[in-house]
Amino acid sequence: MSGYFNHIDPIKFEGKDSDNPLAFKYYDANKKVMGKTMAEHLRMAVCYWHTFCWDGFDVFGGGTFDRPWHGNNNDQAAAEAKLDAAFDFFDRLGNDFWCFHDTDVMAAANTPREHVENFAAILDKIEAKMDSRDIKLLWGTANMFSHPRYMAGASTNPNPDVVAFCALQVQKAMEATHRLGGSGYVLWGGREGYDTILNTNVKQEMEQLGRFVTMAVEHKHKIGFKGDIWIEPKPHEPTKHQYDRDVATVYGFLKEYGLEKEVGVNIEPNHATLAGNSFEHEVEMANAFGIFGSIDFNRGDPQNGWDTDQFPNDLRENTMALYYILKGGGFKNGGANFDAKVRRQSRDAEDLFYAHIGGMDLLARALENAAGLIESEKLSGFVQDRYAGWDKGIGKDMMSGKLSLSEMADAALKSNLSPEPISGRQEHLENIVTLAVK
Ligand code: XUL
Ligand code: CO
């Protein structure tokens, strides 16, 4: 829908002394940090669903936004009006990437054939939009949680006919992602869990999930899609228990089905905190398992126990996350998708810009802070020294499998040492981080 964003000029970098709320203060796309530009490091994406599809409804009330492209009919004309508005927004914000679910972009469909037709119709339009400007697709996905057919699960549904619909959606969404040059494909299992164990065969459902993800991987290779597939962990909401609870759980699942070299994770901080984990814990666990993929940046509310999907604004938390992301080698095919929505009272066009500008400036600062921490080597040097014993002597021999339990025990008897406890220096290390957060 042309016109809605007309009063917003393209967003420029003006530097930290600018008091223009519609300008970047820190995100300077071409500024080099540790040898790469900020844009290359962060690969920031706008998500289609929260920004262009959501009308501001919540469980107690209807839509509060007055977007001109939200008509009553979810038909092809409405899908095209939304697409025009989205790309007009991208042109003004200057984001390098975007992300979508199949159902975000297409006219509503009820039957499998309608799904294929309606999705194909909008794909041609999307391709034309993308061909005429410099924007890339970070990842695509299929929405297998909103439609009532998925109330009892997507690929974990007790009914195989529902799983066939899922197969169709994943097939088409992955092929679309490939055609549009996307670098990742996400599987978020919103309904891949259960509400009550009383009606659920957990083993059967997990076997279905294992087979389904395997089929998705096989399809990726069949069509020659070179991007990554990522599972997005979340412990619950909408289901009471989601099988992809957190990074460690996803890794166990991938190992069980022999998929750990094929599938990585798309981590979302609000999901991490719902699972009782910190954001940086999830990043570092993914690094440790070699499955780090991409991030859906957002934040929860410390007092609310659900997925509030707010734009990130905690500089310390994001400095920590970026530190562990950089330490692991940074984004490759992944990037920084803002899976975040403005609050339902933030109903103006400007609010969508303030939210994204704030998120992008925040990540730019977090990136520079994290780079400072990496370059100073104060944290990494401390950790390296702490584990230095494992590079030599009994430490090395134990890890290389040379020593049995009894031989390791003999080493204790031989030295007859009661090792001195050593300070973990937590406050000192926290001070290093505090001083780096600028
Ligand atoms: C839901 C969520 C999804 C996924 C994609 O909590 O994060 O939007 O990112 O399906
Ligand atoms: Co997400």
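The values are calculated or read from the model by the stated rules, or taken from the named source; none is laboratory data. In this text, all values refer to a predicted model and were calculated from it rather than measured experimentally. As a convention, Cβ positions derive from the backbone with ideal geometry for all residues, glycine included, and neighbour counts pool all protein chains shown. When the accessible area is computed, the model is the full protein with side chains, heavy atoms only, and any ligands, DNA or RNA have been set aside. Shrake-Rupley method; radii C 1.70, N 1.55, O 1.52, S 1.80 Å.
Each peptide among 7-18, 108-119 gets the average number of other Cβ atoms lying within 10 Å of its residues, and from highest to lowest they stand as 108-119, 7-18.
By how many degrees, between 0 and 90 and to the nearest 10, does the Cα long axis of helix 405-415 differ from the longest principal axis of the chain? On a 0 to 90 degree scale, this one is about 50.
Residue ranges 264-270, 283-289, 214-220 sort as 264-270, 283-289, 214-220 when ordered by packing (mean number of other C-beta atoms within 10 Å per residue, highest first).
Counting only DSSP H runs of at least 4 residues, each contributing -39500 (n - 2.57), and dividing by the residue count of the chain, the helix-based mean residue ellipticity at 222 nm comes to -14000 deg cm²/dmol. Taking 340, 409, 248 in turn, the Gaussian network model of the chain (Cα-Cα springs below 10 Å) assigns the largest fluctuation to 409. For the range 268-330 versus the range 375-414, the inter-centroid distance based on Cα atoms is 30 Å. Considering only 232, 427, 377, give the residue with the highest GNM mean-square fluctuation for the chain, with springs between Cα atoms whenever their separation is below 10 Å. Comparing 232, 427, 377 in a Gaussian network model of the chain, the most mobile one is 427.
What angle do you read, to the nearest 10 degrees and between 0 and 90, between the alpha-carbon axis of helix 279-289 and the longest principal axis of the chain? Tilt relative to the chain: about 70 degrees.
Annotation: lysines with alpha-carbon distance below 24 angstrom to residue 222 (same-chain offsets under eight excluded): 136, 172, 255, 261, 332. Taking every alpha-carbon pair under 8 Å whose residues sit at least 6 apart, the chain reaches a relative contact order of 15 percent. Magnitude of the charge dipole for the range 12-376, about its Cα centre and with charges confined to Cβ atoms of Lys, Arg (+1) and Asp, Glu (-1), is about 600 debye.
What residues have an amide H closer than 5 Å to that of residue 228, excluding those fewer than 5 places away on the same chain, when H is modeled at 1.01 Å from N in the peptide plane? For residue 228, whose amide H was placed from the backbone, the distant partners under 5 Å are 184, 185.
Using the Cβ-Cβ distance between residue 386 and residue 343 with R0 = 30 Å, the FRET efficiency computed as 1/(1 + (r/R0)^6) comes to roughly 0.10. Which one of 159, 34, 177 is farthest out on the positive end of the charge dipole of the range 12-376, using unit charges on Cβ (Lys, Arg +1; Asp, Glu -1) and the Cα centre as origin? About the Cα centre, the residue reaching furthest to the positive side is 34. Relative to the longest principal axis of the Cα atoms of the chain, the long axis of helix 426-436 lies at roughly 40 degrees.
Of the peptides 223-231, 356-364, the order by per-residue mean of other Cβ atoms within 10 Å, starting with the highest, comes out as 356-364, 223-231.
For the chain, the solvent-accessible area of protein heavy atoms averages 48 Å² per residue (probe radius 1.4 Å; ligands and nucleic acids excluded). Comparing mean-square fluctuations of 319, 177, 200 from a GNM of the chain with C-alpha springs under 10 Å, the top value falls on 200. Ignoring lysines fewer than eight residues from residue 392 along the same chain, the ones with Cα atoms less than 30 angstrom from its Cα are 327, 378, 402, 414. When a 1.4 Å probe is rolled over the protein heavy atoms, the share of accessible surface on the chain that falls to carbon and sulfur comes to 52 percent. Candidates 51, 379, 305 compared by Cα position along the dipole of the chain: farthest toward the positive end lies 379, with charges placed on Cβ.
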